[in-house]
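The structure appears right after this line, and notes come after that.
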Amino acid sequence: MPAARPTGRRDFDDDVPTTPSSRDLPALEALAEDLTDLAYTVDGVGELLGAPAYAALGRGQLAPALLECRRHLSGSAGARAVPVLLWLLGEAVGDEDLRAAFPRLGVPGLEQLRLIEPGADGGPTSHEERQVTTADGPEAATRTAADPSAGRSRHAAVELRPYGSDTGGGLWVASDLGSEQRPGPLRHDHVLGIGGASLTLAQTVMRTSVERALDLGTGCGIQAFHLLSHARHVTATDISDRALGFARFNLLLNARALEIDPQRLGDRVSLRRGSLLEPVEGEGFDLVVSNPPFVITPRTGRSGEAYTYRDGGLAGDAIVEDLVGTLPGVLAPGGAAQLLGNWEIPEGNAWDRRVRGFV
């Protein structure tokens with residue numbers, strides 16, 4: 001039996017043009033089935049790349065994984081290399097390879113979900129690069145690369161990464177591409193994917209079964225995924241429309257593993273837009289989890305240099321101070337809050353003096 005759905009506030013369900021689309025539920029189901037058939041999981045990618053290349057990928061060194069994927073493209077595991085090339089390595093992939101890898105969803109479906117975008121004109125696709133690599137001699141390579149039958153090339157519009165969790169099954173997490181896959185400055189409303197901080201928090205959160213949980217500053221939704229394994233209802237908030245757009249897409253893409261009815265998302269998850277505790281004012285939660293933008297923010301500097309995920313708009317460690325002081329106001333009797341945070345240590349003071357002052 002689902003938990004009672006909170007009333008009185010409108011859940012976020014907007015279609016954000018700069019995030020993957022979560023409107024077409026059959027397309028999301030087709031994508032999930034294609035990804036499952038491709039063994040696009042943590043273990044599946046590790047098996048495809050081999051331990052050395054997979055470990056290097058985890059350190060941000062892409063070349064070994066790229067070489068392994070190109071080697072596989074000409075073999076029986078060629079389709080399995082496509083999502084790795086596309087979403088983890090940021091490589092161009094040809095329509096022919098995309099059609100082979102995603103027979104249910106197809107290239108139009110990938111475009112409709114805003115997971116791919118056209119490649120640069122004239123740029124080689126991974127299919128063309130595979131043919132050039134295996135052709136004999138420079139003349140044969142030139143002829144193959146010029147062959148128009150290789151089709152158009154596409155680039156990833158986002159990162160879509162496999163993730164293992166305690167839900168009992170593998171998940172996929174969409175977020176913005178990082179600087180490794182798309183060189184250049186990040187958007188100021190950049191939505192982070194799976195990072196060290198989010199994993200640290202997820203691994204330390206209490207797994208006690210609760211009725212209502214709050215994921216404050218959900219980002220792409222990592223903490224909400226874990227909370228759903230032991231909370232009957234999760235409220236996930238963020239100040240960023242783009243973060244909520246990614247979170248909604250991720251929840252619906254993983255609906256089966258998360259035991260969510262995609263037609264009734266609100267029965268288990270409420271997405272709310274707003275700053276800090278404003279979206280849940282007057283409500284009570286048994287467990288609050290937060291990975292806020294806790295980086296110490298300079299007191300001077302242009303606001304245009306700030307990043308939503310990193311700089312919360314308050315100077316120094318004021319966001320963490322604010323949360324520690326106000327979170328008790330949304331805790332139900334016996335409730336608990338767990339969050340990550342940094343705090344300043346003024347010169348000459350004990351390390352814990354300031355944080356003790358928060359409470």
Checklist entry - Looking at the range 76-102, which of its residues are assigned to a loop (DSSP other than H, G, I, E, B) and within 18 Å of Leu160 (Cα to Cα)? => result Leu89, Gly90, Glu91, Ala92, Phe102
Checklist entry - Failed condition for Val82, given (1) touching a Pro at 6+ places or on another chain (Cβ under 8 Å); (2) closer than 23 Å to Arg182 by Cβ, with all others met? => result (1)
Next on the checklist: Tally up the residues in the range 165-196 that are open to solvent by 40 Å² or more (accessible area, probe 1.4 Å) and more than 18 Å from Thr19 (Cβ to Cβ), please.
Outcome noted: 9
Checklist entry - Since Pro103 meets every condition but one in (1) closer than 30 Å to Ser240 by Cα; (2) loosely packed, with under 14 Cβ neighbours inside 10 Å; (3) touching a residue at least 24 places away in the same chain (Cβ under 8 Å), which condition does it not meet? => result (1)
Checklist entry - If you check Asp43, Asp14, which single one turns out to be charged (D, E, K, R) and out of contact with any Lys or Arg (no Cβ under 9 Å at 6 or more places or on another chain)? => result Asp43
Next on the checklist: Among the residues of the range 84-91, are any touching a Ser or Thr at 6+ places or on another chain (Cβ under 7 Å), within 25 Å of Ser153 (Cβ to Cβ) and crowded, with 17+ Cβ neighbours inside 10 Å?
Outcome noted: yes
Item to check | Exclusive hit being touching a residue at least 12 places away in the same chain (Cβ under 8 Å) and either closer than 19 Å to Gly164 by Cα or touching a Leu at 6+ places or on another chain (Cβ under 6 Å) (or both), set Leu67, Leu73, Leu38 | outcome: Leu38
Next on the checklist: Being open to solvent by 10 Å² or more (accessible area, probe 1.4 Å) and under 25 Å from Leu115 (Cβ atoms) is the requirement here; does Leu199 meet it?
Outcome noted: yes
Checklist outcome for this item: Taking the range 34-43 and keeping only residues that are closer than 15 Å to Leu86 by Cβ and of a type outside the set (A, V, I, L, M, F, W, C), one is left with Asp34, Tyr40
Item to check | Given (1) under 15 Å from Val173 (Cβ atoms); (2) open to solvent by 40 Å² or more (accessible area, probe 1.4 Å), number of the condition Gly245 does not satisfy | outcome: (2)
Item to check | Every pair of residues 6+ apart whose Cβ atoms lie under 6 Å, when the first sits in the range 49-60 and is under 15 Å from Arg71 (Cβ atoms) and at pLDDT 95 or above while the second is open to solvent by less than 40 Å² (accessible area, probe 1.4 Å) and not charged (D, E, K, R) | outcome: Leu49/Ala65; Ala53/Ala65; Tyr54/Gly46
Item to check | Scope the range 301-333; condition aliphatic (A, V, I, L, M), touching a helix residue (DSSP H, G or I) at 6+ places or on another chain (Cβ under 8 Å) and at pLDDT below 60; matching residues | outcome: Leu314
Checklist entry - Considering the range 51-75 alone, what residues qualify as being open to solvent by 50 Å² or more (accessible area, probe 1.4 Å) and not in a helix (DSSP H, G or I)? => result Arg59, Gln61, Ser74
Checklist entry - When you scan the range 202-268 for helices (runs of 4 or more DSSP H) that lie fully inside it, which ones turn up with 3 or more residues that are assigned by the TED database to the domain that holds Asp189 and not small (Gly, Ala, Ser)? => result 222-227, 241-253
Checklist outcome for this item: Of the residues in the range 22-48, those that are surrounded by 18 or more Cβ atoms within 10 Å (Cβ to Cβ) and among the polar types (S, T, N, Q) come to Ser22, Thr41
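The values are calculated or read from the model by the stated rules, or taken from the named source; none is laboratory data. It should be emphasised that the depicted structure is a prediction, and the values quoted were computed from it without experimental measurement. Every residue, glycine as well, gets a Cβ built from its backbone with ideal geometry; the counts of neighbours run over all protein chains shown. For the accessible areas, the whole protein counts, side chains as well, though only heavy atoms, and no ligand, DNA or RNA atoms are used. Shrake-Rupley method; radii C 1.70, N 1.55, O 1.52, S 1.80 Å.
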